[in-house]
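Contents: one structure, followed by commentary.
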Amino acid sequence: MNTTSNKPFDNLNVIWTIASKDILDAIRNRLVISLILGLAFMLSMPRVMSWMLDPPYTTVLVYDPGNSDLVLELENSPQFQVSQARSIEELKKTIGSMGFGLGIEVGVVVPADFDQMISAAGQPELDGYVSWTNRAKADEFQSDYERQFSDLLGQTVHLNFEGNIAYPSRDTALLLGIAVITSVTLILIMGIQLVPNLLFEEKQTKTMEALLVSPATIRQVVVGKALAGLFYILVIVGVVFAFYYSAVVHWEAAILAMIGCGAFSVAVGLVLGSFFERQQDVIGLMMLLVLIFVGAMFVYMVNVQVPSFVEAIIPWIPSVTLAKIIFASFLESVPWAEIYWDLASVLGISAVLYAIVIWKVRRSDR
Amino acid sequence: MKAIIVQDLTRNYNGLRAVEGISFDVEPGEIFGFLGPNGAGKTTTIKMLTGQLRPTSGTAQVMGCDVVEERQALKPQIGVVFENHNLYERLSARDNLRFYARLYRVKKARVEEVLAHVGLTDRAQDKVGTYSNGMKQRLLIARALLHKPKVLFLDEPTKGLDPNVARDIRAIATELADQGMTIFLTTHYMEEADQLSDRVAIINQGRIVALNTPEHLKVEYGEDERTTLEDVFVHLTGRHLGRGS
């Protein structure tokens, strides 16, 4: 039988055979399915909460320097609850920090001479702002609010939403920050949990021995497992971004985030899978890693005061750099130089981890 | 060409010698019994001969391939039936074999051939997790035969099996040897080793303490014509079978 060859095609065939077995197995594996369903459940919670807690009125944020009759009418209407902003900047910042179906969806700037325009039987135009996650619904909001405001005043009122998208800023969007922290945490947990499991299972059932007397080399086994792990991670990252689809402004940054998340999660998983034999042996280490990764993100995103040496290290922790890249994909403008640098640092750390795995694997017959 | 040539093979684990300077060779088509108490070095030797473990010193060749330097060339020459049932239990028997068939680049038709050979065609679609030990053992043999190896390593192939299944497994081993396949057999069952093996090596504390045909060993170490291979084994190793070392 012709079974030995060093041709690249044979090499890829072995790697793909190993990877595809695990990918197909994932469909049958209850652990994988339950983790993905759990992830989808956690991500859907804010939306479910917003549907459950949906009040019978609409909250609208207004900036009303002229104390107009419109706002008075809105306050007296059972359909609306009014919240006041002190400036246009505050209004934009507040709307931009909302999204995902939570909080106030629309902000309205009422001109100081609004009442005079109404008295003069004019057709005043108000500036309306929507959160960036609702930017696709701007036309829908416009016609809806125009109709309701006109009904309240008994006179036609125009709303202008064009170009008035309120984007989040890194300093104020706490809700988005929490969403990003949750996403990175879930992606990393999946990598740390699932990828080593691919190797642990082969070791515990001793099928690794059978693989290693087959034409597969240990390197091909590890690369095959890495590919299968990457598939898992990309499915999970895909689920995450599917939930935040409306929030992503820059898909190029999102794709870079996916690459970084995949490379790093798989690398960490492979290190754990190569150095240990059983999941039980690494549970403590896994928890410690998750704690470090999540803690670092909190410190960075929520600006927690920490000693200066910790502050210097934190931006280099991969979970933080990944969070920064994901966050940037939601922003109006992406600081590309910073993002490329962040990605390079994640890939660099991942490369070191892969080198450690290769070193370990080379010694596997000793 | 000899099927297996082992010269002064040694393997240390953390300073302890698991295998100490063993030498032997195996002829093509021979059934070679490799016997020893638990911890004597049988599994370590098999791991070295199948390229899973690097020897500390010494050399070994299987079908002319050096087990360290020509490991990839060695792999298609050997089939291994492991002591443990290391199969993918969530997959069917057919899917298990198809997976390895892809690794060995063997045609799918060969999968059906080996399934028929070991009598598993009717249950080929069932998940391996639902199989009895005997069926799993048959499947392990099918897997090892998939790529038509020249040398088959059987590590305790009948351990824990009921007598009927054990007899079937022994029949398969004899049939393969008759077809010219070299078989390297480890077993705790001395009767089985006596019945199947052309020659046996007895290893104790990492060293080969006897190597000959079962008949010669019984004559050499026995007291009379009633001496069994088990008596020889106990005499040479000082240990009864089934006891841990």
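Only the coordinates and a few stated rules stand behind these numbers; no lab work does. Computed from a predicted model, the values in this text were never measured in an experiment. Quick reminder, even Gly has a Cβ in these numbers, built from the backbone with ideal geometry, and neighbours come from all protein chains shown.
Tabulated results
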read-out: Least to most buried among B:TYR221, B:TYR13 (fewest other Cβ within 10 Å first); value: B:TYR13, B:TYR221
read-out: Global size of the protein assembly as shown as Cα Rg and Dmax, reported in angstrom; value: 34.8, 129
read-out: Placed amide H near B:GLU30: partners under 5 Å, 5+ positions off or other chain; value: B:ILE183
read-out: Dimensionless Rg/Rh of segment A:232-298 - Kirkwood Rh, Rg from C-alpha atoms; value: 1.05
read-out: Interchain or long-range residues, amide H under 5 Å from B:ASN204's placed H; value: B:VAL209
read-out: Likely footprinting exposure, B:ILE203, B:ILE46, fewest C-beta neighbours within 10 Å first; value: B:ILE46, B:ILE203
read-out: Descending semi-axes in whole angstrom, ellipsoid equivalent of segment A:55-166, from the Cα gyration tensor; value: 21, 14, 14
read-out: Qualifying aspartates and glutamates (Cα of each under 19 Å from Cα of A:LYS203; at least 8 residues distant if same chain); value: A:ASP22, A:ASP25, A:GLU277, A:ASP281, A:ASP365, B:GLU83, B:GLU89, B:ASP155
read-out: Within chain B: Cβ-based charge dipole about Cα centre, in debye rounded to nearest 20 (Lys, Arg +1; Asp, Glu -1); value: 1440
read-out: Cα pair distances in segment A:221-366, grouped into 5 Å bins until the bin that holds the longest one, percent each; value: 2, 9, 16, 19, 21, 15, 10, 5, 2, 1, 0
read-out: Per-residue Cβ neighbour rank within 10 angstrom, fewest leading, A:PHE231, A:PHE9, A:PHE161; value: A:PHE9, A:PHE231, A:PHE161
read-out: Per-selection metrics, chain B (Cα): Rg and Dmax in Å; value: 17.9, 54
read-out: Using θ = phi - 60° and Karplus 6.51 cos²θ - 1.76 cosθ + 1.60, couplings along segment A:338-354 (whole Hz; Gly, Pro as x); value: 5, 5, 4, 5, 4, 4, 4, 5, 5, 5, x, 5, 4, 4, 4, 5, 4
read-out: When each of A:LYS21/B:LYS159; A:LYS21/B:LYS75; B:LYS127/B:LYS150; A:LYS206/B:LYS2 is checked by Cα-Cα distance, pairs over 27 Å; value: A:LYS21/B:LYS159; B:LYS127/B:LYS150; A:LYS206/B:LYS2
read-out: Positive-end residue, the protein assembly as shown charge dipole about Cα centroid, Cβ charges, pick of B:ILE46, B:GLN7, A:VAL130; value: B:GLN7
read-out: Amide H contacts of A:VAL108 (H built 1.01 Å from N, under 5 Å, at least 5 apart or other chain); value: A:LEU61, A:VAL62, A:TYR63, A:TYR129
read-out: Average beta-carbon neighbours from other chains, 10 Å sphere, peptide A:216-228; value: 1
read-out: Sites A:VAL306 and A:TRP341, calculated FRET efficiency, Cβ-Cβ separation with R0 22 Å, nearest 0.05; value: 0.50
read-out: Shape box of segment A:206-258 [Cα atoms, principal axes, largest first, Å]; value: 50, 18, 10
read-out: Residues A:THR59 and A:LEU175, FRET efficiency given R0 of 22 Å [Cβ-Cβ distance, rounded to 0.05]; value: 0.90
read-out: Chain A, Cα convex hull volume normalised per residue, Å³; value: 169
read-out: Student exercise, the protein assembly as shown dipole from Lys, Arg, Asp, Glu Cβ charges, in Debye to nearest 20; value: 2340
read-out: Dipole in debye (nearest 20) - segment A:55-166, about Cα centre, beta carbon charges: Lys, Arg +1; Asp, Glu -1; value: 380
read-out: Segment A:GLU332-A:ARG366, length gained on full extension (0.36 nm per residue, minus Cα span); value: 6.8 nm
read-out: Rounded tilt (10° steps) of B:133-145 against the dominant C-alpha axis of chain B; value: 90
